[in-house]
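The block underneath contains the structure these notes are about, expressed in structure tokens.
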Amino acid sequence: MSTQYTEMEKENQQREIAQKEKQQKTKAKKEKRKKNTIQIIFESSIVVIFSLIFLVPFYFIIVNAMKTRQAAAERSISWPSEFNIIENLKAVVAAQDNMILLAFFNSTVITVSSILILLVVCSMAAFALHRRKGKAITVLGTIFVAGLMIPPAVVPTIWVLEQFNLFKTFPGIILVMVAISIPFSILLYTGFIATIPKEIDEAAAIDGCGSFRLFFSIIFPMLKPIHATVIILNAVTIFNDFVHPLYFFPGAQNATVQLTLYNFMSVYSTDWNLLFANVLLITIPPFILFLIFSEKIVSGMTAGSIKG
Amino acid sequence: MKINKMYSYGLLIPAGLIYALLFLYPTVMSFFFSFTRWNLTDWEWIGLANFKMFFEESSLLIGFKNTFIFAFLTTGLKVVIGLLFAVILTSQLKTKRFIRSVVFFPTLVSTIAVGIAFTVLMHPSQGLLNQTLGLFGINGPNWLGDPALAIYSLAIVDVWKGVGIATIIFIAGIMSIPKDYYEAHEVDGGNKLNAFWHITVPLSRPAINAVIILALIGGLRTFDLVWAMTGGGPGFSSDLIASIIYKQYQAGFYGLSTAGNVILFLMVALIVFPIFKFLNRKEVDI
């Protein structure tokens with residue numbers, strides 16, 4: 001009897017314990033759920049706030065680029081009632097004797113040529129700047145890096161270009177773009193070259209390699225990842241550059257992509273649909289680069305700045 | 001010394017030539033030409049007249065003042081807002097990659113395109129900004145048409161476009177702080193705000209310094225945003241030194257334009273270099 005009783009008591013106790021545990025569990029679950037809803041509300045409000053601040057202007061550009069002339073004149077963010085995007089793009093391309101096609105050609109020539117030169121000259125220079133030891137090379141390095149801070153002297157640069165008959169020419173604007181992009185590109189290369197072991201150079205020296213052979217046949221191919229960063233970052237900045245073509249590459253035949261927008265604005269000051277279609281058109285190339293290489297762009301920009 | 005032979009100065013020649021000829025040489029010559037009246041072929045020495053003019057003409061002097069305001073205001077805002085964004089984006093959010101891209105994307109759009117879009121958005125009556133404010137019963141100001149306000153409106157747009165880089169740099173800085181510090185802080189019973197002031201801020205100092213220097217240099221040199229949005233107006237109220245350099249060049253006053261360049265150079269040298277030194281010394285102290 002007594003054993004039965006104690007067994008019953010035990011069972012009761014166990015049941016009680018189990019119940020308590022269950023209660024605690026549901027309580028914890030409730031709390032967790034509460035925490036989750038707070039988390040979701042917090043997170044979605046952050047997404048909404050950031051989108052409002054940073055995406056609405058782009059949304060505004062896109063919807064207005066798709067509207068008819070009359071609808072775009074209102075400059076509102078309403079969804080277009082009538083889609084006119086194809087006509088708008090055609091009009092943008094046709095404007096001023098297909099000026100934008102010429103501008104795309106000019107900008108591409110400038111961007112590609114500048115980058116090709118930058119890749120070779122900056123990687124070479126960065127290799128010597130990083131590896132050589134001594135006071136002279138430190139001074140030279142400082143002079144190159146100082147270019148990150150010093151604003152280019154405008155009219156004296158035009159004066160130098162004139163002396164070589166390079167003002168308003170492709171070689172002129174390309175060399176200016178190279179000159180102003182050299183400091184940052186060298187900075188990126190030196191950071192990467194620091195990670196390449198010196199033993200490679202020593203082995204090459206024993207094999208009788210000279211400076212140039214060592215660099216071009218061994219080091220240059222090892223720089224592939226940083227070449228990509230240099231290409232992408234310079235492509236975006238040179239393609240988007242407005243100031244330097246304005247100064248050093250003036251003339252109707254020399255229009256670049258950013259300048260078409262500026263010329264366009266004065267002619268079609270009221271054709272907002274065309275203006276925004278033009279904005280859209282010239283934003284596509286950097287947008288594509290961003291979609292494909294966003295990680296590379298981000299890491300390149302942060303690496304350059306934190307080490308500097 | 002033998003190994004230095006492997007790294008011949010010859011490797012420096014191509015970059016050095018282009019850089020010296022089209023960057024260093026014009027910079028050095030700008031100091032000479034700023035003392036002249038000049039038409040690219042002939043020059044006449046006029047001493048300090050160009051500089052005198054810069055500081056006596058109110059339309060030029062205002063550019064000097066605006067450049068100060070613009071550079072320091074945008075730098076301050078980029079540091080504060082960028083740091084806030086970075087803290088949010090390093091917390092446990094599932095959508096942080098998306099938000100990070102959203103914040104960063106304006107950096108890659110051309111300044112001219114951004115300027116045109118915001119000129120429309122900031123229109124006093126038809127602009128989206130004031131129409132939205134109107135919904136809340138707020139009478140929005142004439143952002144770009146009010147001479148007292150134009151330079152601040154430009155600064156807001158510049159921060160909108162540039163805060164993405166600051167945020168990304170801060171995120172890299174915060175991510176490099178070991179998690180143990182925060183755990184130890186929590187064990188000691190500290191709250192999150194304390195953790196921000198005593199761990200995040202001091203330990204992401206290199207990132208903060210980088211953002212300050214980058215933003216100051218960029219701010220002092222800004223030109224295209226002003227050109228796309230106000231053209232320096234109304235009147236000369238939102239002119240910066242860089243836009244004055246362009247205006248004087250366009251008007252054919254090459255000596256005056258070059259003097260503007262020299263002033264800008266000196267501003268960068270006298271503001272950025274000391275701040276750079278100061279920030280770096282503090283870094284060593286910690």
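Every number in this text was worked out from the coordinates using simple rules, so none of it is lab data. Predicted model, so just to flag it, every value in this text is computed and none were measured. Cβ atoms come from the backbone with ideal geometry, glycine included; neighbour counts cover every protein chain shown.
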So between B:Phe51 and B:Leu135, what do we pick up on full extension, going 0.36 nm a residue minus the alpha carbon distance?
25.3 nm
Using the Cα centre of the range B:127-286 as the reference point, and only Cβ charges (+1 on K/R, -1 on D/E), how large is the resulting charge dipole? Debye, rounded to the nearest 20.
340 debye
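Can you put A:Val121, A:Val154 in order, fewest other beta carbons within 10 Å first? Numbers along the way, then the final one.
Numbers: A:Val121 23, A:Val154 27.
Ordered from fewest to most neighbouring Cβ atoms within 10 Å, A:Val121, A:Val154 come out as A:Val121, A:Val154.
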Hey, what do the phi angles of the range A:33-45 turn into as Karplus ³J(HN,Hα) couplings, whole Hz, using 6.51/-1.76/1.60 and θ = phi - 60°, x for Gly and Pro?
5, 4, 4, 4, 5, 4, 4, 5, 4, 4, 5, 5, 5
Inter-centroid distance (Cα atoms) of the range A:189-264 relative to the range B:70-143, Å
32 Å
Built amide H within the under 5 Å cut-off of A:Leu166, gap 5+:
none
Note: B:Ala195 to B:Lys94 extended length (0.36 nm per residue) minus current alpha-carbon separation gives 34.1 nm
Sequence-distant residues sharing a close amide H with B:Thr36 (under 5 Å, placed H):
B:Ile46
Output for chain A (equivalent-ellipsoid semi-axes, sqrt of 5λ from the C-alpha gyration tensor, Å, descending) is 55, 39, 15
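Grab the alpha carbons of the range B:48-109, take their convex hull, and tell me the volume per residue in Å³. Before the final figure, lay out each step's value.
Details: hull volume 6.4 nm³, N = 62.
In the range B:48-109, the Cα convex hull volume per residue is 103 Å³.
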Using the basic label-point model (7 angstrom from Cα toward the beta carbon), what is the A:Ile292 to A:Val139 distance in nanometres?
4.4 nm
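Please say if the range B:1-101 is rounded, prolate or oblate, where rounded means a/c under 1.5 for a ≥ b ≥ c the square roots of the C-alpha gyration tensor eigenvalues, and otherwise the choice is prolate for a/b larger than b/c and oblate otherwise? Could you put the intermediate results ahead of the total?
Working: a/c = 3.83, a/b = 1.24, b/c = 3.08.
Judged from the Cα gyration tensor, the range B:1-101 comes out oblate (a/c at least 1.5, b/c at or above a/b).
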I need the fraction of alpha carbon pairs in the range B:59-285 separated by more than 25 Å, rounded to a whole percent.
50 percent
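Would you mind classifying the range A:1-128 by shape? Square roots of the alpha carbon gyration tensor eigenvalues, ordered a ≥ b ≥ c; an a/c under 1.5 is rounded, otherwise it is prolate if a/b is larger than b/c and oblate if not. Don't jump to the answer; show the numbers that get you there.
On the way: a/c = 6.27, a/b = 2.31, b/c = 2.71.
Oblate, because a/c is 1.5 or more while a/b does not exceed b/c.
Quick check for me: using +1 on Lys/Arg Cβ and -1 on Asp/Glu Cβ, what's the dipole size of chain B about its Cα centre, in debye to the nearest 20? Walk me through the numbers before you get to the answer.
Working: 19 positive and 14 negative charges, 146 e Å.
With only Lys, Arg, Asp and Glu charged at Cβ, the dipole is about 700 debye.
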How far is the Cα center of the range B:1-47 from the Cα center of the range A:25-92, in Å?
50 Å
What full-extension length gain, to one decimal in nm, is calculated for A:Ala252 and A:Glu74 as 0.36 nm per residue of separation minus the Cα-Cα distance?
60.9 nm
Fewest-first ordering of A:Arg75, A:Arg213, A:Arg131 by Cβ atoms within 10 Å yields A:Arg213, A:Arg75, A:Arg131
Can you give the log10 of the normalised intensity I(q)/I(0) at q = 0.07 Å⁻¹, computed with Debye over equal Cα scatterers of the protein assembly as shown?
-0.50
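Label the range A:65-173 by shape, choosing from rounded, prolate and oblate, from the square roots a ≥ b ≥ c of the eigenvalues of the Cα gyration tensor; if a/c is under 1.5 it is rounded, and otherwise prolate applies when a/b is larger than b/c, oblate when it is not.
On the way: a/c = 3.05, a/b = 2.37, b/c = 1.29.
Since a/c reaches 1.5 and a/b is larger than b/c, the shape of the range A:65-173 is classed as prolate.
So how do B:Leu193, A:Leu116, B:Leu149 line up by other beta-carbon neighbours within 10 Å, fewest first?
Numbers: B:Leu193 8, A:Leu116 13, B:Leu149 16.
Final ranking by Cβ density, sparse to dense: B:Leu193, A:Leu116, B:Leu149.
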